[in-house]
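Visitor: So that we are looking at the same thing, I have put the structure below in structure tokens.
The values are calculated or read from the model by the stated rules, or taken from the named source; none is laboratory data. Model, not experiment: these values are computed from the prediction. Positions of Cβ are generated from backbone atoms using ideal geometry, with glycine treated the same way; all protein chains shown enter the neighbour counts.
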Amino acid sequence: MPAQTIQFEVDFSQVEDHSLFLAKWPEETEKKIGARLKELFIQAIALMQRGIIPTLPRGATGLLKQSYAGIEVTGEGIDIQAFFGSTAAHAPYVEEGTRPHFPPSKDLILWVIRKLGIREGAEQVAFLVARAIAGQGKKGQKGGTRAQRQVANWLGENEQRLLDGIIRGLDIIWEEAIAA
């Protein structure tokens, strides 16, 4: 699965009382809001990881699950993006599935040995598995899709709470600016 971009936009029209403040001290305000948004993205990515990893099949090597361990949050101020995905070359095929094709049976031998427990005759069984994939393709696991939906639901359910937290943060920044 290629890296997924999680986007969360803050609608500042709901903080009209702060529009003058936002215009007067934009850099300081953006830095403080950006720091909070980065925290939210890290929470969303952690939720996505918790959603994806248990749903992934354990293949012959376990590399797919390990490949979802990294996160990257980039940007400054209120222009923040989070990236989450797998670095495993076979991740898109596990996520989306494949059309019928004849995979090299030598690539399936380790899987036959570890997953099916067949050592003697593993080459022949790998060939039969490859032939089955050639006839039917491989169904996608959709672990990433389910996790993305879980994160979107979490963001939707918590949108008002998150916005309220940003507004409270603006109130604190506003009070500090007036006192200075």
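Visitor: Spot the failing condition for residue 87; the list is (1) of a type in the set (S, T, N, Q); (2) modelled with pLDDT of 70 or more; (3) within 18 Å of residue 150 (Cα to Cα), and only one is missed.
Guide: Here residue 87 meets the rest and fails (3).
Visitor: Hey, residue 117 hits all of (1) among the small types (Gly, Ala, Ser); (2) surrounded by 12 or more Cβ atoms within 10 Å (Cβ to Cβ); (3) not assigned by TED's automatic domain parsing to the domain that holds residue 44 but one; which does it fall short on?
Guide: (2)
Visitor: Another question, then. Can you pull out every residue in region 97-111 that is over 19 Å from residue 141 (Cα atoms) and out of contact with any Lys or Arg (no Cβ under 9 Å at 6 or more places or on another chain)?
Guide: Going through region 97-111, the residues over 19 Å from residue 141 (Cα atoms) turn out to be 102, 104-107, 109-110.
Hits for region 97-111 are 104, 106, 107, 109, 110.
Visitor: Checking the conditions here, which among 82, 46 is closer than 30 Å to residue 115 by Cα and modelled with pLDDT of 60 or more?
Guide: On the way: 82 fails: closer than 30 Å to residue 115 by Cα.
Exactly one residue qualifies, and that residue is 46.
Visitor: Next question, about the same structure. List, please: which pairs have Cβ atoms under 8 Å, are six or more places apart or on different chains, and start with a residue in region 65-79 that is exposed (fewer than 12 other Cβ atoms within 10 Å of the Cβ) and end with one that is modelled with pLDDT of 75 or more and polar (S, T, N, Q)?
Guide: Hits for this filter: 69/49.
Visitor: Now for a separate question. Answer yes if at least one residue in region 96-108 is out of contact with any Cys (no Cβ under 7 Å at 6 or more places or on another chain) and either among the aliphatic types (A, V, I, L, M) or modelled with pLDDT under 75 (or both), and no otherwise.
Guide: First pass over region 96-108, keeping only residues out of contact with any Cys (no Cβ under 7 Å at 6 or more places or on another chain): 96-108.
Checking which are either among the aliphatic types (A, V, I, L, M) or modelled with pLDDT under 75 (or both) leaves us with 108.
Within region 96-108 (the criterion being out of contact with any Cys (no Cβ under 7 Å at 6 or more places or on another chain) and either among the aliphatic types (A, V, I, L, M) or modelled with pLDDT under 75 (or both)), the answer is yes, since at least one residue qualifies.
Visitor: Would you confirm whether or not region 17-30 contains a residue that is of a type in the set (Val, Ile, Thr), under 24 Å from the mean Cα position of the chain (by Cα) and modelled with pLDDT of 65 or more?
Guide: no
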